[in-house]
Each structure stands twice: as structure tokens, then as C-alpha cells.
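**Student:** Take this structure, written in C-alpha cells, and hold onto it; I'll ask about it next.
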Amino acid sequence: MKQEEIVLEVNGTTYKVSIEPWKTLVEVLRETLGLTGTKKSCNEGECGACTVIVDGKPVASCLVLAMDAQGKEILTIEGLSEREKLHPIQEAFLKHGAIQCGFCTPGMVMSAKALLDENPKPTVAEVRKAISGNLCRCTGYQHIVDSIMATSGMMNRKA
Ligand code: FES
Ligand code: FES
């Protein structure tokens, strides 16, 4: 089967991999690089489970060909925590009960991170808009919104 060699920058590490050219970014992250924190669910851009940050923007990685992600900075959920230390957004999700089955969580956290990087003091409406592409069938969203607002407050206090 035809293979292409591509170079990806993921979580600050350079990976050179041979892939079939039609592989999507989520497939290469999970199956080739072993970064299984990013989830694949609908595989058609509807659920947000596969959200990663590409050049600062949240992106559904099931809609992007891996070869088109070359030359960009890709951040996945694995790149957020520092060794054993969780990112403040992850801590807030735990503290506020925003995780039930957890399947949506990595994508939610990445959407939240992209929002707070760009807008450190969002309103509730802005938070809801930022996660509107991330479906959660368990939590009813309120605890997720609370977590993101709490993280924003914490980051503001630190600033
Ligand atoms: S798996 Fe990509 S949006 Fe659902
Ligand atoms: S916690 Fe189960 S889908 Fe969100």
C-alpha cells in the first residue's frame, strides 16, 4: 500500500512517520503515535471528541488529513499535563464533577484550553459557545461550564 513519509510536530516533539496519505490526523495520533488520549467517535466532525489544538485553534482531528497538519504545532491532551501534574483545567474538571464516562473529556479540555488561551476571562455564554461543538451525553454540561469558569478565575488570580 502506498506510504508517504511525513513530519509532525506534536506536543513539542518532532515525529517522522510513514503513513497512508489518506490517514486522518486522529488516526495517526492514535494508531501511529500511540497518543490515544484523543478520542475518535463520530469520525465526521459532529461530536468534538477528537479535538486537538492546531496552531492555537481547536480542530476536529477526524476532519484533517495528517499530511495537511505538517508544519503546524499540534497540541493533544497528552501535552497539557507536566509529568504527573495535571493542567489546571483538568484539575477543575475533577474538582467540579465534570467527568462521568470521560469520553468527551479530552476534547472538551482542549476546546477549553484554546478558549482560555485566546480569551482568559470568558463569559458563561462564551464558554458555552466554545464548547458547542463538543457533545457530552452524561453531564448536562453545567459542571463542565463551571469548571472552565473556575479555571479562568484561577488563571486570572495568578495573572
Ligand atoms: S470524532 Fe471527530 S468530531 Fe467526532
Ligand atoms: S462525560 Fe460522558 S460523554 Fe461527557
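The values are calculated or read from the model by the stated rules, or taken from the named source; none is laboratory data. Please read all numbers here as calculations on a predicted model, not as lab measurements. Note: ideal-geometry Cβ built from the backbone for every residue, glycine included; neighbour counts use all protein chains shown. The accessibility values were calculated without ligands, DNA or RNA, using every heavy atom of the protein model including side chains. Shrake-Rupley method; radii C 1.70, N 1.55, O 1.52, S 1.80 Å.
**Student:** Return the loop-located GluC sites (Glu not before Pro) in segment 1-100 (DSSP other than H, G, I, E, B) with at most 11 other Cβ atoms within 10 Å of their own Cβ; answer none if there are none.
**Tutor:** Qualifying residues, ordered by number: E44, E84.
**Student:** I want to verify a result. In a Gaussian network model of the chain, Cα cutoff 10 Å, which of these has the top mean-square fluctuation: A130, A49, A60?
**Tutor:** Among A130, A49, A60, the largest GNM mean-square fluctuation belongs to A130.
**Student:** How high is the FRET efficiency from T36 to R128, r the C-beta distance, R0 35 Å, rounded to 0.05? Write out the running numbers ahead of the final one.
**Tutor:** Working: r = 28 Å, r/R0 = 0.81.
Given R0 = 35 Å and the Cβ-Cβ separation, E is 0.80.
**Student:** To continue, here is another question. Greater than 26 Å separation of Cα atoms is the criterion. Which listed pairs, K39/K121; K16/K95; K39/K85; K57/K129; K85/K121; K40/K113, meet it?
**Tutor:** Where the Cα-Cα span goes over 26 Å, the pairs concerned are K39/K121; K16/K95.
**Student:** Please identify every one of the trypsin sites (Lys or Arg not before Pro) in segment 104-159 that sits in a loop by DSSP and has no more than 14 other beta carbons within 10 Å of its own beta carbon.
**Tutor:** Numbers: sites: K113, R128, K129, R137, R157, K158; in loops: R137.
Sites meeting the loop and neighbour criteria: R137.
**Student:** Here's a follow-up. Give me a comma-separated list of calculated 3J(HN,Hα) values for segment 134-145, in order, Karplus coefficients 6.51, -1.76, 1.60 applied at θ = phi - 60°, integers in Hz, x for any Gly or Pro.
**Tutor:** 10, 8, 10, 8, 10, 8, x, 6, 4, 5, 5, 4
**Student:** Could you report segment 56-159's accessible area per residue, 1.4 Å probe, as an integer in Å²? If you can, show how the numbers build up before the last one.
**Tutor:** Numbers: 5740 Å² over 104 residues.
That works out to 55 Å² per residue.
**Student:** So, one more: Where the accessible area of the chain is counted over protein heavy atoms with a 1.4 Å probe, how much of it, in %, is carbon and sulfur? The partial results should precede the final answer.
**Tutor:** Numbers: 4300 of 8510 Å².
Heavy-atom surface of the chain belonging to carbon and sulfur, 1.4 Å probe: 51 percent.
**Student:** State, to one decimal in nm, how far the label point of K121 lies from the label point of K57, with both points 7 Å from Cα in the Cβ direction.
**Tutor:** Between K121 and K57, the simple spin-label model gives 2.7 nm.
**Student:** Among residues other than K2 whose Cβ falls under 14 Å from its Cβ, what is the net charge (Lys/Arg +1, Asp/Glu -1)?
**Tutor:** It works out to a net charge of -2.
**Student:** Taking amide hydrogens as modeled 1.01 Å from N in the peptide plane, which residues meet the under 5 Å criterion relative to E73, leaving out close sequence neighbours?
**Tutor:** It is D55, by chain and number.
**Student:** Enumerate by residue number the trypsin sites (Lys or Arg not before Pro) in segment 28-112 meeting two conditions: DSSP loop (anything except H, G, I, E, B), and at most 12 other Cβ atoms within 10 Å of the site's Cβ.
**Tutor:** R83
**Student:** Then there is this: Measuring from a point 7 Å past the Cα of L86 along Cα-to-C-beta, which residues in segment 102-132 have an amide N at less than 13 Å?
**Tutor:** Within reach of a label on L86, which here means backbone N under 13 Å from a point 7 Å along Cα→Cβ, segment 102-132 contributes 102, 105-106, 109.
**Student:** Additional query: Enter the angle in degrees (range 0 to 90, nearest 10) between the Cα long axis of helix 105-118 and the first principal axis of the Cα atoms of the chain, meaning the one along which they spread out most.
**Tutor:** For 105-118 against the chain, the angle is about 80 degrees.
**Student:** Which residue fluctuates most in the GNM of the chain (Cα springs below 10 Å): N43, N119, N134?
**Tutor:** It is N119.
**Student:** Continuing with this model, one more query. Taking amide hydrogens as modeled 1.01 Å from N in the peptide plane, which residues meet the under 5 Å criterion relative to E20, leaving out close sequence neighbours?
**Tutor:** Under 5 Å from the amide H of E20: E4.
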